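A.B. asks: Mind having a look at this structure? Questions to follow.
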């Protein structure tokens, strides 16, 4: 079984998740998705359906939190490589 350090949707460190992970449809904790991204076996923002849209969303959130744009861009550049966004993974 793979152990993930970061959410495989948004890239946030799972150890920073206040909910300690999302939940599967059966109520079990998800070991690969953040609680803000995945609840009850469903992604919480269905309109974010591409890695590019997730990058824009996360970059905006980081900038709202006070991160400079260049840093927010660096933090989000790896999103297309996460499991959710790899071709054929969903």
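The values are calculated or read from the model by the stated rules, or taken from the named source; none is laboratory data. These numbers were taken from a predicted model, which means no experiment stands behind them. Quick reminder, even Gly has a Cβ in these numbers, built from the backbone with ideal geometry, and neighbours come from all protein chains shown.
A.B. asks: Any idea how many residues of segment 1-21 are assigned to a loop (DSSP other than H, G, I, E, B) and over 10 Å from the mean Cα position of the chain (by Cα)?
C.D. replies: Just the residues of segment 1-21 that are assigned to a loop (DSSP other than H, G, I, E, B), to begin with: 1-5, 7-12, 17-21.
Cutting the leftovers down to over 10 Å from the mean Cα position of the chain (by Cα) gives us 1-5, 17-21.
Qualifying residue count for the region: 10.
A.B. asks: Please go through (1) touching a residue at least 12 places away in the same chain (Cβ under 8 Å); (2) loosely packed, with under 15 Cβ neighbours inside 10 Å; (3) under 15 Å from residue 14 (Cβ atoms) for residue 37 and return the number of the only condition it doesn't satisfy.
C.D. replies: (2)
A.B. asks: How many of the residues making up segment 1-23 are over 18 Å from residue 82 (Cβ atoms) and either touching a strand residue (DSSP E or B) at 6+ places or on another chain (Cβ under 9 Å) or at pLDDT 95 or above (or both)?
C.D. replies: The first filter runs over segment 1-23 and keeps only residues over 18 Å from residue 82 (Cβ atoms), leaving 18-20, 23.
The next check asks that each one be either touching a strand residue (DSSP E or B) at 6+ places or on another chain (Cβ under 9 Å) or at pLDDT 95 or above (or both); those that pass are 19-20, 23.
The qualifying residues number 3.
A.B. asks: Limited to segment 50-90, what total is found for residues that are touching a helix residue (DSSP H, G or I) at 6+ places or on another chain (Cβ under 8 Å), in contact (Cβ under 8 Å) with a residue 40 or more places away in the chain and part of a loop (DSSP other than H, G, I, E, B)?
C.D. replies: Residues that pass the stated criteria total 1.
A.B. asks: Still on this structure, I have one more. Would it be correct to say that residue 47 is outside any helix (DSSP H, G or I), touching a helix residue (DSSP H, G or I) at 6+ places or on another chain (Cβ under 8 Å) and either within 25 Å of residue 23 (Cβ to Cβ) or free of Cβ contacts under 8 Å to residues at least 40 places away in the same chain (or both)? Break it down into steps so the answer makes sense when it comes.
C.D. replies: Details: outside any helix (DSSP H, G or I): yes; touching a helix residue (DSSP H, G or I) at 6+ places or on another chain (Cβ under 8 Å): yes; either within 25 Å of residue 23 (Cβ to Cβ) or free of Cβ contacts under 8 Å to residues at least 40 places away in the same chain (or both): yes.
Against the criterion (outside any helix (DSSP H, G or I), touching a helix residue (DSSP H, G or I) at 6+ places or on another chain (Cβ under 8 Å) and either within 25 Å of residue 23 (Cβ to Cβ) or free of Cβ contacts under 8 Å to residues at least 40 places away in the same chain (or both)), residue 47 qualifies.
A.B. asks: Limited to segment 23-34, what total is found for residues that are assigned to a loop (DSSP other than H, G, I, E, B) and surrounded by fewer than 18 Cβ atoms within 10 Å (Cβ to Cβ)?
C.D. replies: If we filter segment 23-34 for residues that are assigned to a loop (DSSP other than H, G, I, E, B), which is where we start, we get 24-28, 30-34.
In the following step, the residues that additionally are surrounded by fewer than 18 Cβ atoms within 10 Å (Cβ to Cβ) were identified as 24-28, 31.
Qualifying residue count, segment 23-34: 6.
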